[in-house]
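Structure record follows, encoded as structure tokens.
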Amino acid sequence: MAARMPIISGNWKMNLNHFEAIQLVQKLSYQLDKEDHANVEVTLHPSFTNIRSIQTLLDADGLPMKLGAQNCHWDDSGAWTGEISAPMLSKLQVQYVICGHSERRELIGETDEQVNAKVKSVLKHEMTPILAVGETQEERDADATESKVVGQLEADLAGVGGAKVASMVIAYEPIWAIGTGLTATPADAQAVCGLVRDTVSKLKGKEAAAGVRIQYGGSVKPTNIFEIMSQKDIDGALVGGASLEAESFARICQYRLQG
Ligand code: PGA
């Protein structure tokens, strides 16, 4: 099995209008060079209204960053007012779609069954799901991290074959660390990312576990990325706040220089 390509993803959440989004990508493109892109895959996840603008920019300037989305619906089309489907995204050259971000699960009430359907739809349309899992502070305090994460993986990957899982990205994001400035220690992040890989191995086989790329997310910054990326089962990071600023996101993507 070839080494897993590191992957750093910028989740912009509900921030930036399309002018600001274009500016951010332009600034980022000045800061990242060929060598950076040879070392790490960089994915950008604008809001839906900005995807077309960013697609046009990446295409016109031949920028090697990959386009991502933050969510999609599980149906291809239909009477779902306000929703966006996977085929609409793939037509815009979106390659990665975050499925089951904790803000959608916790604040909007997305269920594991829905997340599972989204993962399947993203795969069906030949894009890569970034499946997000993670525990709340209460679950962590109750020593329920393992059961929560394993339960999410079982439910969200139900019916997805091992070869497909091998091509996916799974983001472990402890909810208490998202946007709070609190970060799991590199050892704690490794422990749960290792658990994710072991669980994938049990559920989908060794090849799936060897291929799947696992990100850590939750207050990732230029100052903590190197240690996080040094962990054996961590292949990347899902970055919120620090991805909204070109310099900090570029420094995260250049984590190999931060040690
Ligand atoms: P944060 O967000 O980096 O702002 O903590 C991470 C995420 O929600 O993906």
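Each value in this text was obtained by applying a stated rule to the coordinates, not by laboratory testing. If you're wondering where the values come from, they're calculated on a predicted model, not measured in any experiment. Neighbour counts are summed over all protein chains in view; Cβ atoms, including those assigned to glycine, are modelled from backbone coordinates with ideal geometry.
Within region 195-203, the presence of at least one residue that is surrounded by fewer than 20 Cβ atoms within 10 Å (Cβ to Cβ), of a type in the set (Ser, Thr, Tyr) and assigned to a helix (DSSP H, G or I) is confirmed.
For region 137-191, which positions are in contact with a Lys or Arg (Cβ under 6 Å, 6 or more places away or on another chain) and in contact (Cβ under 8 Å) with a residue 60 or more places away in the chain? Across region 137-191, the qualifying residue is only VAL169. Restricting attention to region 211-256, the residues being small (Gly, Ala, Ser) and under 21 Å from ALA38 (Cα atoms) number 8.
Filtering region 42-65 for residues that are under 18 Å from LEU123 (Cβ atoms) and surrounded by fewer than 16 Cβ atoms within 10 Å (Cβ to Cβ) leaves an empty set. Taking the conditions (1) in a loop (DSSP other than H, G, I, E, B); (2) touching a Cys at 6+ places or on another chain (Cβ under 7 Å); (3) within 15 Å of the ligand (Cβ to nearest atom); (4) not small (Gly, Ala, Ser) in turn, THR180 satisfies each one other than (2). Scanning region 245-259 for residues that are surrounded by fewer than 18 Cβ atoms within 10 Å (Cβ to Cβ) and in a loop (DSSP other than H, G, I, E, B), which turns out nearest to the chain's Cα centre (by Cα)? The extreme case among them is GLU245. Checking each residue in region 234-244 for being crowded, with 19+ Cβ neighbours inside 10 Å and not small (Gly, Ala, Ser) picks out ILE234, ASP235, LEU238, VAL239. All told, ILE175 meets the bar of being among the hydrophobic types (A, V, I, L, M, F, W, C), within 10 Å of the ligand (Cβ to nearest atom) and in contact with an Asp or Glu (Cβ under 7 Å, 6 or more places away or on another chain). Each residue in region 209-219 was checked for being small (Gly, Ala, Ser) and either buried (at least 23 other Cβ atoms within 10 Å of the Cβ) or under 15 Å from ILE175 (Cβ atoms) (or both), and 3 of them qualify. Counting only residues that are more than 10 Å from the ligand (Cβ to nearest atom), outside any helix (DSSP H, G or I) and closer than 13 Å to SER9 by Cα, region 215-244 holds 2 of them.
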